[in-house]
Structures are given as C-alpha cells and as structure tokens.
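So the structure is just underneath, and the comments pick up after that.
The values are calculated or read from the model by the stated rules, or taken from the named source; none is laboratory data. Bear in mind that the values here come from a model prediction, so they are computed numbers and not experimental data. Cβ coordinates were reconstructed from backbone atoms using ideal geometry, including for glycine residues, and neighbour counts include every protein chain displayed. Just so you know, the surface numbers come from the protein's heavy atoms only, side chains and all, with ligands and any DNA or RNA stripped out. Shrake-Rupley method; radii C 1.70, N 1.55, O 1.52, S 1.80 Å.
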Amino acid sequence: MFVIRNFIIKIFYKDYNNFDLSRQQNIYANLSTFVRKSAHACEYGVLSLLVYVFILEKKNIYLIIVPVLFSLLYAISDEIH
C-alpha cells in the first residue's frame, strides 16, 4: 500500500516535499483511505467474478445478480465491523 500511495503522490503532487507538514499529512491520510477502499473494491470484484464463474456452470446467465449481491452484502458486513 505504501508503494502505491507514494507513486500517486509522485505523479499528482510534484511539490509534495515543499508542502507544510499538516498539508502533507492531510494528503497522505486521504490517499491512504482511497487506496484502502480501492483495494477492498477490487477484492470484492474478484469475489463476484469467482462466484459468477461458479454459478455460470449452471447455464443461467441471469444469476449474475446472486454473486454481485453476495459480494456487496459481504463488503458491507466487512465495513460495519
């Protein structure tokens, strides 16, 4: 996570090292949240895909709703606790 966050800082905040400490901390904290939430979204996207592939064997294409809802509910429950 640190590598990704530092990479984003290098790209979008060229003068990051010249900013005052409170601004650096604010940027760092916001990017931490963004990277962490994005990672969660990707994880649950992969989970949806895997459940979809499993259900696809049943030959009912409309069952895409089941893995998406399952992953969404799992993600919500993960964020609650």
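A few remarks follow.
- Against the numbered list (1) modelled with pLDDT under 85; (2) surrounded by fewer than 13 Cβ atoms within 10 Å (Cβ to Cβ), Arg23 comes up short only at (1).
- Residues that are among the aromatic types (Phe, Trp, Tyr), out of contact with any helix residue (DSSP H, G or I) (no Cβ under 6 Å at 6 or more places or on another chain) and assigned to a helix (DSSP H, G or I), drawn from region 19-60: Tyr28, Phe34, Phe54
- Close Cβ contacts (under 8 Å, 6 or more residues apart or on different chains) running from residues in region 21-46 that are farther than 13 Å from Asn6 by Cα to residues that are exposed (fewer than 14 other Cβ atoms within 10 Å of the Cβ) and modelled with pLDDT under 85 comprise Arg36/Met1; Ala39/Met1; His40/Asp78; His40/Glu79; Tyr44/Leu72.
- There is no residue in region 35-53 that is open to solvent by less than 60 Å² (accessible area, probe 1.4 Å), over 29 Å from Ser77 (Cα atoms) and out of contact with any Cys (no Cβ under 9 Å at 6 or more places or on another chain).
- The residue that is surrounded by the fewest Cβ atoms within 10 Å (Cβ to Cβ), counting only those in region 1-20 that are charged (D, E, K, R) and free of Cβ contacts under 8 Å to residues at least 12 places away in the same chain, is Asp15.
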